[in-house]
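The values are calculated or read from the model by the stated rules, or taken from the named source; none is laboratory data. Keep in mind it's a predicted model, so treat the numbers as computed, not measured. Using ideal geometry, Cβ is built from the backbone for each residue, glycine included, and neighbour counts are taken over all protein chains shown.
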Amino acid sequence: MVLPKHIAIIMDGNGRWAQEKGLPRIAGHQQGVKTVRKVVEQCSALGVRFLTLYAFSSENWQRPDVEVESLMTLLGHYLSTELPLMEEQQIRFRVIGDLEKLPQQIRALLMQTIDSTADHAGLTLTLALSYGSRDEILRAITAVAADLDCGKLKKGQISEQLFSGYLDTAGIPDPDLLIRTSGEMRISNFLLWQLAYTELYFCPCFWPDFDAQQLQLALDDYATRCRRFGAISS
């Protein structure tokens, strides 16, 4: 089976999953974290090299304070408890997004996890936190402009490859497969530059219900795709 090197996932539907069961929204997020662990373990076992999870968007700051605070607490708990798994399976941890907006304690935990796993050679797990792709691109453009102004960069040097190096995802290949759960069919300001030739797969189930079988269905579907990148298939 043709296996994607890089899978990106928009983990959608935690709140709706909880509401359908008469539970508080945070219960859906808690169940969603359990799904994260299962998917990370499965991708690691399969030999997927990169997994990027859309965990908290720049727009999510607009949610009620109590939900944002609960999500930050849940994130801190995840970082504190999942390091043994990352050590055991040699998972390298990364993060993308505007981290300055995150609580100081969370930033410290993120940096600690990144440093602790920097030399791991297995799956690279990237969390998109306080992330919005338009914001990422604007920050990259600002950095390019600054380098042009100070003479570090010349106009003729600018290329797609060079610009990609200014993005949060520098050093990570573009996703081969994007999965979005909950039945929504949009990419919601996620990896706009990087998804240019990514195969898209939309799953009707909510993220807490996404399991090994659902992931395998997505991989089976991906294996049937003919990726031409604008050329003609042979």
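Can you find, within region 81-94, the residue that is farthest from Glu41 (Cα to Cα) among those that are part of a helix (DSSP H, G or I) and not acidic (Asp, Glu)? Looking at the filtered set, the residue picked out is Thr81. Listed by first and then second residue, the pairs with beta-carbon distance under 6 Å, at least 6 apart or on different chains, first residue in region 45-64 and touching a residue at least 12 places away in the same chain (Cβ under 8 Å), second surrounded by fewer than 15 Cβ atoms within 10 Å (Cβ to Cβ), are Arg49/Lys5.
If you go through region 13-50 and keep only what is under 17 Å from Glu69 (Cβ atoms) and part of a loop (DSSP other than H, G, I, E, B), you end up with just Pro24.
Among the numbered conditions (1) assigned to a helix (DSSP H, G or I); (2) of a type outside the set (Phe, Trp, Tyr); (3) under 19 Å from the mean Cα position of the chain (by Cα), the only one that Ala55 does not meet is (1). Considering only residues of region 5-40 that are among the charged types (D, E, K, R) and buried (at least 16 other Cβ atoms within 10 Å of the Cβ), which is farthest from Leu99 (Cα to Cα)? This residue is Arg16.
So is Arg225 more than 17 Å from the chain's Cα centre (by Cα), surrounded by 14 or more Cβ atoms within 10 Å (Cβ to Cβ) and of a type outside the set (Phe, Trp, Tyr) or not? So Arg225 passes the test. Selection of region 159-192 for residues being among the small types (Gly, Ala, Ser) and within 17 Å of the chain's Cα centre (by Cα) yields Ser164, Ala170, Gly171, Ser182, Ser188. When Leu162, Leu129 are checked against the criterion of being of a type in the set (A, V, I, L, M), closer than 30 Å to Met86 by Cβ and modelled with pLDDT of 95 or more, a single residue qualifies: Leu129.
Taken over region 146-174, residues that are in contact with a strand residue (DSSP E or B) (Cβ under 8 Å, 6 or more places away or on another chain) and aliphatic (A, V, I, L, M) amount to 1. In this entry, Leu75 passes the filter for residues that are closer than 25 Å to Ala27 by Cβ, under 18 Å from the mean Cα position of the chain (by Cα) and in a helix (DSSP H, G or I). Scanning region 41-63 for residues that are more than 22 Å from Glu88 (Cβ to Cβ) and surrounded by fewer than 18 Cβ atoms within 10 Å (Cβ to Cβ) yields a count of 5.
On inspection, Ile187 does not qualify as touching a strand residue (DSSP E or B) at 6+ places or on another chain (Cβ under 6 Å), at pLDDT 95 or above and under 30 Å from Asp221 (Cβ atoms).
Would you check if Thr113 is in contact with a strand residue (DSSP E or B) (Cβ under 8 Å, 6 or more places away or on another chain), more than 21 Å from Ser80 (Cβ to Cβ) and among the polar types (S, T, N, Q)?
Here the answer is no, as Thr113 does not meet what is asked.
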